[in-house]
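K.L.:
A single structure is presented below for examination.
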There are 2 protein chains.
Amino acid sequence: MNGEGPGEAGAAEADAEPNGAVGARPASPSPPPDVSAAGRRGRRPGSGDTRGRVLDSARAIFAERGFDGTTIRDVAGRAEVDPALVHHYFGTKQRLFVAAMEFPIEIRTVMPAIAAGSPDQIGDRIIAAFVGLWDRPEVRPTLLGVARSATTDPVAAAMFRGVLVDGPLQAIAGLLGTPDAAMRATLVGSQLIGLAMARYVAELEPIASMRADELAPLIGPTLTRYLLGDLGAQPGSSGFPGSAPNGPVR
Amino acid sequence: MNGEGPGEAGAAEADAEPNGAVGARPASPSPPPDVSAAGRRGRRPGSGDTRGRVLDSARAIFAERGFDGTTIRDVAGRAEVDPALVHHYFGTKQRLFVAAMEFPIEIRTVMPAIAAGSPDQIGDRIIAAFVGLWDRPEVRPTLLGVARSATTDPVAAAMFRGVLVDGPLQAIAGLLGTPDAAMRATLVGSQLIGLAMARYVAELEPIASMRADELAPLIGPTLTRYLLGDLGAQPGSSGFPGSAPNGPVR
DNA sequence: GTCAGAATTCATCATGCGTTGAATTCTACG
DNA sequence: CGTAGAATTCAACGCATGATGAATTCTGAC
């Protein structure tokens, strides 16, 4: 229910030569006159989807520097727009953050692909979906921005938790009918958070450069065990589903 | 290098009542001189280890709000000291951060306890040591401060990587003579980062409240497999070092 | 007892921030 | 055409921040 911009119209032509005499209203103390034609006030013609440009700019800078490190002036500058316009559209910096980080895809969309298939490879599918999501160029800035801000900003922290733990994973764990769903989901979340931080935020090599299909067999089994394994097994036994004496699956 | 002033840096807490009412910042043009001796200039007698108090204050606030969210005035206020004194001792905010986050223990101290014992439980021992470290009250603020700042500040990011991956884990992986030491160390690092973020930064339940000896059998096997397992195994097999080549559950 | 130097505070500075209000120009609708 | 309203900018406010430099007071060595 995103009310989208105020009537975005595509039509853009209107050369409109600068005719407005810049009559300085009050006797300004000493403003450098700067009589270039580009610096005039008022609506600029045909600039297209400005609001969207501001959002893109905000996403990029939030992703790079996190909430605290981002200034509205920088966002405006990158969008080639006056800072006041950012406030005009979004009100406050927090609201700009929320608007820019609104999740671009429906998380539940990927759930069926994860649930389908043999249970003992569910971890691999989660990793594939997770990495595939982060690697989509229109999604990455959003997730990076949230991740970079989550250690400081409570709003971002709530988003982070929502995307990584509360939402899909609780559902998955509950769906599979294992007990301790919350604990298992949190364990999965911890490995996913760590993967995201190591690969995308800290960019640790070599896992920052590996492909999704290389990572899945490495980390997938961890998630599978967290979700389905016999976690009560004594140390020394692997605790893997199938290697435990009793098969808890299904 | 580090001239280190009044010696020891122990002093776990000392904890005055929260939010000491030491306002003393009235911008009123005619400040009532408050004839008590509190408001005078110059050296104050017998105040003891002031530099240490500033460091403790900085650690606490960095831990709570990260580098960006911490102001020198807040640090000074909590230490009941003038902000200029903080600069007098540490020069710049970055140097204060480095001084406050200087690691309070020798990481190599815990290495023997990890290396000793049967290899197939090395992961459990790493978790026990890791959680034990974080749970020590004089260490936690340091690690929290670094973790909270690492997503934004490059200096903190380097510290974080140093503590979690570069230093001990490379050593461990190399020591054990497995190939792909860097990759294995990074995998271990990813799980440790995730555990730290989930348990200490995001405080996700229930793993935020579990004891070290409860967490070790849950997460330890993951690390053991990352360090020693047959990671080239096809998905479906557990890839565990001790687990026999038995097929998946059917 | 003197005096150098350390410890501590005060008073500011310059900057950058988020935010606001009003002015101006363009567009769409009647 | 006229006009209401949206889009955009200008100018500035108020405040918090990191940082400085000088002033003051205490301490310790001689």
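The values are calculated or read from the model by the stated rules, or taken from the named source; none is laboratory data. What you are looking at is a predicted structure, and each value in this text was computed from that prediction instead of being measured. Cβ placement follows ideal geometry from the backbone for every residue including glycine, while neighbour counts extend to all protein chains displayed. Accessible surface is based on the protein model in full, side chains and every heavy atom, while ligands, DNA and RNA are left aside. Shrake-Rupley method; radii C 1.70, N 1.55, O 1.52, S 1.80 Å.
K.L.:
Any chance the range B:193-216 includes a residue that's open to solvent by 20 Å² or more (accessible area, probe 1.4 Å), hydrophobic (A, V, I, L, M, F, W, C), more than 7 Å from every other protein chain (Cβ to nearest Cβ) and touching a residue at least 40 places away in the same chain (Cβ under 8 Å)?
P.N.:
Looking through the range B:193-216, at least one residue is open to solvent by 20 Å² or more (accessible area, probe 1.4 Å), hydrophobic (A, V, I, L, M, F, W, C), more than 7 Å from every other protein chain (Cβ to nearest Cβ) and touching a residue at least 40 places away in the same chain (Cβ under 8 Å).
K.L.:
Taking only pairs six or more apart or across chains, which ones have beta-carbon atoms under 6 Å, a first residue in the range A:143-155 that is facing chain B (nearest Cβ under 9 Å), and a second residue that is of a type in the set (Lys, Arg)?
P.N.:
Short answer, once both residue conditions are applied: A:Thr151/B:Arg148.
K.L.:
While we're looking at this one, here's another question. Just need a number here: residues in the range A:122-150 that are open to solvent by less than 40 Å² (accessible area, probe 1.4 Å) and farther than 17 Å from A:Ala100 by Cα.
P.N.:
Qualifying residue count, the range A:122-150: 10.
K.L.:
Could you tell me how many of the residues in the range A:80-101 are buried (at least 17 other Cβ atoms within 10 Å of the Cβ), of a type in the set (Val, Ile, Thr) and more than 8 Å from DNA strand C (Cβ to nearest atom)?
P.N.:
Number of matching residues: 1.
K.L.:
What do you reckon, is A:Asp68 surrounded by 15 or more Cβ atoms within 10 Å (Cβ to Cβ), within 16 Å of DNA strand D (Cβ to nearest atom) and either without any contact (Cβ under 8 Å) to a residue 24 or more places away in the chain or in the same structural domain as A:Ala147 (by TED's automatic domain parsing) (or both)?
P.N.:
no
K.L.:
Taking helices (runs of 4 or more DSSP H) that do not extend beyond the range A:65-133, which have at least 3 residues that are more than 19 Å from A:Ala185 (Cβ to Cβ) and in contact with a Pro (Cβ under 9 Å, 6 or more places away or on another chain)?
P.N.:
A:72-78
K.L.:
Further question on the same structure: Going through A:Phe160, A:Phe103, A:Phe130 one at a time, which residue ends up being within 11 Å of another protein chain (Cβ to nearest Cβ) and aromatic (Phe, Trp, Tyr)?
P.N.:
A:Phe160
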